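For reference, the structure is listed below as structure tokens.
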Amino acid sequence: FSDQQNVADWTPTTDNTAGDLIVGSGSRIITAVETRQQILVFTDTSLHAMQYLGAPFTFGINMISENVTIASPNAVIAIEDSVFWMGQNEFYAYTGAVQKLPCTVKDYVFSDFNENQEEKVFAAANTAFSEVWWFYPSSTSDTVDRYVVYNYVQNVWYYGTLNRGAWIDRGVEDFPIAAGTDGYLYYHENGFDDGSTAPATGISAHIES
């Protein structure tokens, strides 16, 4: 990390705050996500927490958990004090400690998943409905064509088919906005059709129990 007073100065000296840290396990860093209290650093096999300590060390890092995986650099999302991510064959949450999320649709997701394209997995927040979404490619697709949703208030899961490549939660706009693979931006949770037909027709939907 650089000196606090000069972001171009990365060389540690006795009169600056530049420095470095050693991550104790894992062969490569996959991604990092900022929470309210710390920065979580994911390697290919472990999870670490980096915190600001102040002088003279500036930052410190501790290993939180070993034997955890993450599907892609964008498969993790922080919501308030919780962090959720998709791993390889598991879903995880961190709320001070790492836990595997009991998932009623896990077999459905991971038995039809294109592992060669797992770098395209990304997580999204739909906070108006207390949901975390993961978009992923099915086994017969090289692009994202499926999603799985976890409602972290009701502790329920649901899934579906949808082509999306990026997502931003409400805040900038009144509704979430997602980018489709067809080159359009879509408002989600708004209206009863997707704007693809003229005149507008309702989206075909059903519930199966």
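Can you tell me which residues in the stretch 1-48 are open to solvent by less than 30 Å² (accessible area, probe 1.4 Å), over 21 Å from VAL76 (Cα atoms) and in contact with a Pro (Cβ under 9 Å, 6 or more places away or on another chain)?
The answer is ASP3, ALA18, GLY19.
Taking the stretch 52-69 only, how many residues are within 27 Å of GLN88 (Cα to Cα) and open to solvent by 10 Å² or more (accessible area, probe 1.4 Å)?
Summing the residues that are within 27 Å of GLN88 (Cα to Cα) and open to solvent by 10 Å² or more (accessible area, probe 1.4 Å) in the stretch 52-69 gives 8.
For the subset of the stretch 92-131 comprising residues that are touching a residue at least 12 places away in the same chain (Cβ under 8 Å) and basic (Lys, Arg), which member is surrounded by the most Cβ atoms within 10 Å (Cβ to Cβ)?
Among those residues, the one meeting the criterion is LYS120.
Of the conditions (1) touching a residue at least 40 places away in the same chain (Cβ under 8 Å); (2) within 19 Å of ALA32 (Cα to Cα); (3) not in a strand (DSSP E or B), ILE77 satisfies every one except a single condition; which number is it?
(3)
Quick one: how many residues across the stretch 185-209 are of a type in the set (Asp, Glu) and open to solvent by 100 Å² or more (accessible area, probe 1.4 Å)?
The number of residues fulfilling the criteria is 1.
How many residues does the stretch 23-40 hold that are part of a loop (DSSP other than H, G, I, E, B) and either free of Cβ contacts under 8 Å to residues at least 24 places away in the same chain or touching an Asp or Glu at 6+ places or on another chain (Cβ under 8 Å) (or both)?
8
In the stretch 80-116, how many residues are at pLDDT below 95 and among the β-branched types (Val, Ile, Thr)?
1
Please go through the stretch 172-181 and pick out each residue that is surrounded by 10 or more Cβ atoms within 10 Å (Cβ to Cβ) and either in contact with a Pro (Cβ under 9 Å, 6 or more places away or on another chain) or not in a strand (DSSP E or B) (or both).
GLU173, ASP174, PHE175, PRO176, THR181
Hey, among the residues in the stretch 136-169 that are among the aromatic types (Phe, Trp, Tyr) and in a strand (DSSP E or B), which one's most open to solvent (accessible area, probe 1.4 Å)?
At the first step, the residues of the stretch 136-169 found to be among the aromatic types (Phe, Trp, Tyr) are 136, 147, 150, 152, 157-159, 167.
Restricting the remaining residues to those that are in a strand (DSSP E or B) gives 136, 147, 150, 157-159, 167.
Details: TYR136: 0, TYR147: 44, TYR150: 17, TRP157: 27, TYR158: 76, TYR159: 108, TRP167: 41 Å².
So, considering only residues that are among the aromatic types (Phe, Trp, Tyr) and in a strand (DSSP E or B), the one most open to solvent (accessible area, probe 1.4 Å) is TYR159.
Restricting the search to the stretch 159-194, which residues are within 16 Å of VAL144 (Cβ to Cβ), modelled with pLDDT of 95 or more and among the charged types (D, E, K, R)?
Hit for the stretch 159-194 is ARG164, nothing else.
Can you say whether ASN89 is under 21 Å from the mean Cα position of the chain (by Cα), open to solvent by 40 Å² or more (accessible area, probe 1.4 Å), without any contact (Cβ under 8 Å) to a residue 24 or more places away in the chain and within 28 Å of VAL156 (Cα to Cα), as far as the supplied structure shows?
Yes.
The values are calculated or read from the model by the stated rules, or taken from the named source; none is laboratory data. The structure presented is a predicted model; accordingly, all values stated were derived computationally and were not measured. Cβ coordinates were reconstructed from backbone atoms using ideal geometry, including for glycine residues, and neighbour counts include every protein chain displayed. Only protein heavy atoms, including side chains, enter the accessible area calculation; ligands, DNA and RNA are left aside. Shrake-Rupley method; radii C 1.70, N 1.55, O 1.52, S 1.80 Å.
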